[in-house]
């Protein structure tokens, strides 16, 4: 078993591999979460846009 010194602690190669694997899984979870937040934000914006968008006449139509 190979140990690597980091600061005041020893990290064994098996532990380091596990930490890298967990780090990759965490990165995937964060990406999925951010994607879900983006989808929800788009859905809300679309819903709010339907509520707020009121058909209006062009501003200059009264002057022509």
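The values are calculated or read from the model by the stated rules, or taken from the named source; none is laboratory data. Computed from a predicted structure; not experimentally measured. Cβ sites come from the backbone with ideal geometry, for glycine too, and all protein chains shown count toward neighbours.
Applying the condition of being exposed (fewer than 10 other Cβ atoms within 10 Å of the Cβ) and part of a helix (DSSP H, G or I) to the stretch 47-64 and asking which residue is modelled with the highest pLDDT yields 49. Taking each residue of the stretch 9-38 that is part of a helix (DSSP H, G or I) and looking for partners that are surrounded by 10 or more Cβ atoms within 10 Å (Cβ to Cβ) with beta-carbon atoms closer than 9 Å, six or more apart or interchain, yields 13/3; 13/4; 16/4; 19/11.
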